[in-house]
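The next block holds one structure in the form of structure tokens; read it before the comments.
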Amino acid sequence: MIINGVSIDDTFAEAFGMRATRVLITAQNHTWAMHAATAMTGFATSVIACGVEAGIERLLSPEETPDGRPGVAVLLFAMGSAVLMKQLETRMGQCVLTCPTTAAFSGIDSGYPEITRINLGKNLRFFGDGFQISKQFGAKRYWRVPVMDGEFMTEETTGMVRAVGGGNFLILAESQPQALAACEAAISAMKQLPNVIMPFPGGVVRSGSKVGAKYKSMIASTNDAFCPTLKGITRTELSPEIESVMEIVIDGLTAEDINRAMRVGIQAVCDLGRAAGIHRISAGNYGGKLGPYHFKLREIMRARGAA
Amino acid sequence: MSALTFTLKISPVQRVDCSPLTPEQLHGKSVAEIAALPLWSGKRQLRVDEVFDISRIGKDGGDDDSEDSNDDHIVFLNSSAHLDRIGQGMRSGRITVHGNAGDYLGLELRGGRLELHGNAGHFAACAMSAGMLHVHGNCGDYLGAGLVGERKGMRGGTVLVTGNVGDRAGDQMRRGLMLIEGDAGDYCASRMLAGTLGVLGKVGRYTGYGMRRGTLLLTQTPVLHATMADCGTHTLPFLNLMFKSLRGLPSRYAQLDQNRVRRYAGDIANQGTGEILVLLPP
């Protein structure tokens, strides 16, 4: 399959089940909501060392938020519910509670077959040292915690759902600037979509990994088959003209969300095309042994007319 | 929707306990069976048809005496202040009362909607835990309070009163929402444990007396006793959320939107984590 001169590999991205939650952060204005959201999603690129993969989903207008203030939707993904709950609590406590004028609300209440309620502000309330106030409106409970700028308000719980992590594709280009430009185009298009995040810096990862290493202590190491400088000394996946490879990793609330994000991202890259130095699109997988979700590149791109 | 209508046909000398006349208890009963139900009145029992004319209006508007008719809406017409315990323990359905109601209106209400077009006696919404009581008129003392001897009052649900209420409204209230559009008497929100109570009119003396937690929302600064402490003026974002949750209510509270308040905490003679919020002009 070739789109605008870009060859789409007959391979698939291998993804696995994760647990995810969404938090809506509101503040006096978008700037301060973003400060909290940026801090909360900091150091959250990969579950390998960060505990969670997190990102900013989108900005919310005052009409979309529970308290009628500008807000930001944040998605957090983890490999299990226990680590997600722990990370949510510490990040809420250090990044949202601390940020002036913010409030936090549940971002998942319905629309998924299985929603587990997990603590959002339930334990943060104890920061109030007895002065915290509970308020229940409708079926939802909120906590008002007195803080130095006024009151920090947070919903007691948010919804956790089964989600999918590790959707990805690789962009193989003639040069590093061209690979990066293609990634920027893809990320810019994918950021318009709901329910997905691209957790790496700027949405792009350059250090794709393989499982295992020659060193016993390493569980993952550089994906030498895609390292352009090793073309001559390893079982390379790269043809001579490829000089740079970058990867976009996607976590989504459902497989369909990842499907759509991959389609939109790959299409944006292909729109730049061979003329912009893009030669191939490939994907990272482990031979189908690791994850139950297989996103087949050619199937995804064949469906683009229907989407 | 079908409706089962009870029209009061006597002027009761004694008070009449109307607690058996709720949608659940009458479900599946024919008019003849309902007519034979006993109602306590003082130390005597009266048949329902000694007190009320009963009619059942079917879905098509005509008379319907089939046993399977849907009695989820009960209407009291020509009601009087001698009819106590209307809607007691109701869990679902609707009761509409035209005229006054006696004491214990909506006692232990657990669901459904109870609407009164008239004035209610004392202890309305007492020990209520869910559902809605909407009074288009005034209420007596102890609105939403606990039963005598109990340590907790209203535990949930919504009470709307368009008129005035007597003393001790929200006494020992534990949870839920009570919105009064008129004035409240003395000891409003006394011994309140939690929940939200609003008064758009004036309140009497000793407001929030012995209050432990909970929120009393006022529009006029009350005369407060010494153990209610002034915490200054604030813009509280949670009020946006609260007023948003009131938008759908058939009440003047649906129009509230200012979130600038003067906050009084108390009663510091009794834990002191309750609050009186007085809305300020924006």
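Any read-out appearing in this document is the output of simple, stated calculations on the displayed coordinates, not a laboratory observation. All of these numbers come straight from a predicted model, not from anything done at the bench. Note: ideal-geometry Cβ built from the backbone for every residue, glycine included; neighbour counts use all protein chains shown.
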- Give me B:253, A:286 ranked fewest to most by other Cβ atoms within 10 Å of their Cβ, as a rough exposure proxy. A:286, B:253
- dims of chain A, Cα set, principal axes, largest to smallest, nearest Å -> 67, 46, 35
- Farthest toward the dipole's positive end in chain A, which of A:147, A:279, A:161, given Cβ charges of +1 (Lys, Arg) and -1 (Asp, Glu) about the Cα centre? A:161
- Tell me, what is the FRET efficiency for residue A:9 and residue A:254 to the nearest 0.05, using R0 = 25 angstrom and their Cβ-Cβ distance as r? 0.55
- Would you mind classifying the stretch A:1-89 by shape? Square roots of the alpha carbon gyration tensor eigenvalues, ordered a ≥ b ≥ c; an a/c under 1.5 is rounded, otherwise it is prolate if a/b is larger than b/c and oblate if not. oblate
- Query: Taking Cα centroids, how far is the stretch A:148-181 from the stretch B:154-212 in Å?
  - Reply: 47
- Placing one equal point scatterer on each C-alpha of the stretch B:85-279 and summing with Debye, one gets log10 I(q)/I(0) at q = 0.08, 0.16, 0.17, 0.19 Å⁻¹ equal to -0.22, -0.90, -1.02, -1.26
- Message: Can you tell me the mean projection area, over all orientations, of the convex hull of the stretch A:19-161's alpha carbons? Units nm², please.
- Response: 8.0
- Tell me the label-point distance for the pair residue B:151, residue B:249, using the 7 Å Cα-to-Cβ offset, in nm and rounded to one decimal. 2.8
- Excluding residues fewer than 8 places away in the same chain, name every one of the lysines whose C-alpha is closer than 20 Å to that of residue A:289. A:210
- Gyration tensor verdict on the stretch A:191-307 (Cα atoms; rounded if a/c is under 1.5, prolate if a/b is larger than b/c, oblate otherwise): oblate
- Links that overshoot a 24 Å alpha carbon limit, given the list A:122/B:244; A:140/B:202; A:191/A:231; B:43/B:152: A:140/B:202; A:191/A:231; B:43/B:152
- FRET E, pair residue A:218, residue A:110, Förster distance 60 Å, beta-carbon r, rounded to 0.05: 0.90
- Neighbour-count order for B:207, A:38, fewest beta carbons within 10 angstrom listed first: A:38, B:207
- With label points set 7 Å from each Cα along the Cα-to-Cβ direction at residue A:141 and residue A:129, the distance between them in nm comes to 2.4
- Query: Arranged by the count of other C-beta atoms within 10 angstrom, fewest first, what order do A:92, A:262 take?
  - Reply: A:92, A:262
- Query: Can you list the aspartates and glutamates whose alpha carbon is less than 19 Å from that of residue A:296, not counting same-chain residues fewer than 8 positions off?
  - Reply: A:9, A:10, A:14, A:237, A:247, A:251, A:256, A:257
- Grab the Cα-Cα distance for residue A:210 and residue A:239, subtract it from 0.36 nm times how many residues apart they are, and report the gain in nm with one decimal. 8.5 nm
- Could I have the simple spin-label model distance between residue B:205 and residue A:1, label points 7 Å from Cα toward Cβ, reported in nm to one decimal? 8.3
- Query: Which value, in debye to the nearest 20, describes the size of the charge dipole of the stretch B:85-279 about its Cα centre when Lys and Arg Cβ atoms bear +1, Asp and Glu Cβ atoms bear -1, and nothing else is charged?
  - Reply: 580
- Signed unit charges on C-beta, dipole axis of chain B, positive-most listed residue B:157, B:172, B:4: B:172
- Query: For the stretch B:3-162, what is the charge dipole size about the Cα centre, in debye to the nearest 20, if Lys and Arg each add +1 at the Cβ and Asp and Glu each add -1 at the Cβ?
  - Reply: 660
- Task: Show me A:223-235, A:39-51, A:168-180 ranked by packing, highest mean number of other Cβ atoms within 10 Å first.
- Result: A:168-180, A:39-51, A:223-235
- Check cross-link reach from residue A:135 to the aspartates and glutamates: straight Cα distance under 16 Å, and skip same-chain residues fewer than eight apart. A:67, A:151, A:155, A:156, B:275
- Placing one equal point scatterer on each C-alpha of the protein assembly as shown and summing with Debye, one gets log10 I(q)/I(0) at q = 0.12 Å⁻¹ equal to -1.06
- Calculate, in nm to one decimal, what residue B:55 and residue B:257 gain on full extension: separation in residues at 0.36 nm each, minus their alpha carbon distance. 68.3 nm
